Amino acid sequence: MAEKPTFASVTDIACTCGFLARCAKDPTLPIAWDERLNEFHITYSNAEGTGQVMVYHCPFCGGATPPSRRGELFHEVTPTEDRRLKALFAGIRSVPDCLQRFGLPDEDLSDGFMTETDGKRETFRTLLYRGLSTTVDVLVAVRASGRIWTNFQGKPKKQ
């Protein structure tokens, strides 16, 4: 089997029917094409604002959508940088520990990190540190218990 186009793909067979491309050209339909990202999206609007959901498969033929270029816009979290950052956070278990070692974060977001399990969304206070790495932003999410966990994400590349 060939490499699948995305992490969510259930097939390596690409869409060839063109249904999504035709829909994206119709302004009355909620399908959009993002040329820069090489992605199809379902667009929506509700009381909270507007948004989009990525489409991974053609709803007509079931074929996979094209590989996204989204990853090209961000630096990779290399194994070496991942290990280095994990070592920096060794022994840190709470916000006071974090503040003592690294000082104030670049941003303190009341609902910066979100998880969804069984349809239930939960948001977490998140401390964002941009200066601990030249290529990676560090997000420190705070559980209700006060314990923390870290997430490393590649910084945007300069475009």
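The values are calculated or read from the model by the stated rules, or taken from the named source; none is laboratory data. Owing to the predicted nature of the structure, the values given are computational and were not obtained by experimental measurement. Ideal geometry is used to build each Cβ from the backbone, glycine not excepted, and the neighbour counts take in all protein chains shown. In case anyone asks, the SASA skips ligands and DNA or RNA and just uses the protein heavy atoms, side chains included. Shrake-Rupley method; radii C 1.70, N 1.55, O 1.52, S 1.80 Å.
Kindly indicate whether residue 106 is touching a residue at least 24 places away in the same chain (Cβ under 8 Å), farther than 30 Å from residue 6 by Cα and surrounded by fewer than 17 Cβ atoms within 10 Å (Cβ to Cβ). Spell out how you get there, then give the answer.
Details: touching a residue at least 24 places away in the same chain (Cβ under 8 Å): yes; farther than 30 Å from residue 6 by Cα: yes; surrounded by fewer than 17 Cβ atoms within 10 Å (Cβ to Cβ): yes.
Here the answer is yes, as residue 106 does meet what is asked.
Can you tell me which residues in the stretch 31-79 are of a type in the set (Val, Ile, Thr) and over 16 Å from the mean Cα position of the chain (by Cα)? Break it down into steps so the answer makes sense when it comes.
Within the stretch 31-79, the subset of a type in the set (Val, Ile, Thr) is 31, 42-43, 50, 53, 55, 65, 77-78.
Scanning the stretch 31-79 gives 31, 42, 43, 50, 65, 78.
Which of the residues that make up the stretch 27-59 are among the hydrophobic types (A, V, I, L, M, F, W, C), under 18 Å from residue 16 (Cα atoms) and either free of Cβ contacts under 8 Å to residues at least 24 places away in the same chain or open to solvent by 80 Å² or more (accessible area, probe 1.4 Å) (or both)? Quick ask: steps written out before the conclusion?
So in the stretch 27-59, the residues among the hydrophobic types (A, V, I, L, M, F, W, C) come out as 29, 31-33, 37, 40, 42, 47, 53-55, 58.
After this cut, where a residue has to be under 18 Å from residue 16 (Cα atoms) as well, the list is 31-33, 40, 55, 58.
Result: 32, 33.
Tell me which residues, restricted to the stretch 86-99, are without any contact (Cβ under 8 Å) to a residue 60 or more places away in the chain and either aromatic (Phe, Trp, Tyr) or surrounded by 12 or more Cβ atoms within 10 Å (Cβ to Cβ) (or both). Before you say what the answer is, go through the steps one by one.
Step one: filter the stretch 86-99 for residues without any contact (Cβ under 8 Å) to a residue 60 or more places away in the chain, giving 87-88, 90-99.
Scanning the stretch 86-99 gives 88, 92, 93, 94, 95, 97, 98, 99.
Would you please list the contacts, defined by Cβ atoms under 7 Å and residues six or more apart or on different chains, that run from a residue in the stretch 143-157 that is at positive phi to a residue that is assigned to a strand (DSSP E or B) and not β-branched (Val, Ile, Thr)?
Listed by first residue and then by second, the contacts come to 146/94.
From (1) modelled with pLDDT of 95 or more; (2) of a type outside the set (Gly, Ala, Ser); (3) closer than 30 Å to residue 4 by Cβ, pick out the condition that doesn't hold for residue 128.
(3)
Check whether at least one residue in the stretch 76-85 is free of Cβ contacts under 8 Å to residues at least 12 places away in the same chain, of a type outside the set (Ser, Thr, Tyr), within 30 Å of residue 23 (Cα to Cα) and part of a helix (DSSP H, G or I), and report yes or no.
Looking through the stretch 76-85, none of the residues is free of Cβ contacts under 8 Å to residues at least 12 places away in the same chain, of a type outside the set (Ser, Thr, Tyr), within 30 Å of residue 23 (Cα to Cα) and part of a helix (DSSP H, G or I).
Residues that are among the small types (Gly, Ala, Ser): which strands (runs of 3 or more DSSP E) entirely in the stretch 1-60 hold 3 or more of them? Walk me through it before giving the result.
Values: elements: 31-34, 39-46, 49-55.
No strands (runs of 3 or more DSSP E) qualify here.
If you go through the stretch 11-20, how many residues are loosely packed, with under 15 Cβ neighbours inside 10 Å and within 20 Å of residue 71 (Cβ to Cβ)?
So the answer is 1.
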